[in-house]
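S.K.: Quick one: the structure is below, questions incoming.
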Amino acid sequence: MKKEEHVCVCHRVSLSKLQSYLQREKPKVASQLSECLDAGTSCGWCIPFLEKLHKQHVLGEPMDLTINHKKYVERRVAYQQNKRNS
Ligand code: FES
């Protein structure tokens, strides 16, 4: 995923915004990423990815998501459809 692409598609929060937030605020738990422009507070699709970024930050690893953004967005649509049908 490129830095300018949205991890939280609902709230249009990019990977670079999340990386900056993690470096600046050093949140203790991943759920605090919701304070970064409400990331993760709507459909919930991005929450596992927010958790992954938080874990990478805590471990001192490069914060990155190795997923194609087009596929990421397509999988989010399927996730939302499944959620609606359940
Ligand atoms: S993609 Fe983040 S809450 Fe929907």
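The values are calculated or read from the model by the stated rules, or taken from the named source; none is laboratory data. Since the structure is predicted, the reported quantities are computational estimates derived from the model, not experimental observations. When we count neighbours, we look across all protein chains shown, and the Cβ atoms used for this are built from the backbone with ideal geometry, even at glycine. The area values use the complete protein model at the heavy-atom level, side chains included, leaving out ligands, DNA and RNA. Shrake-Rupley method; radii C 1.70, N 1.55, O 1.52, S 1.80 Å.
S.K.: Cβ contacts < 7 Å: first residue closer than 12 Å to CYS10 by Cα, restricted to the stretch 25-40; second residue surrounded by 16 or more Cβ atoms within 10 Å (Cβ to Cβ) and among the basic types (Lys, Arg), any location; separation 6+ or different chain. Result?
M.R.: LEU37/LYS17
S.K.: Considering only residues that are of a type in the set (Ser, Thr, Tyr) and open to solvent by 100 Å² or more (accessible area, probe 1.4 Å), which ones fall in the stretch 61-86?
M.R.: Within the stretch 61-86, THR66, SER86 qualify.
S.K.: Right, here's the next one. Looking only at helices (runs of 4 or more DSSP H) that fall completely inside the stretch 12-86, which ones have 3 or more residues that are away from the ligand (no atom under 13 Å from the Cβ) and over 22 Å from LYS2 (Cβ atoms)?
M.R.: Passing ranges, in order: 69-85.
S.K.: State which residue pairs qualify: first residue at positive phi and inside the stretch 3-23, second residue open to solvent by 10 Å² or more (accessible area, probe 1.4 Å) in any location, beta carbons under 8 Å apart, and separation of 6 or more residues or different chains.
M.R.: ARG12/HIS6; ARG12/LEU37
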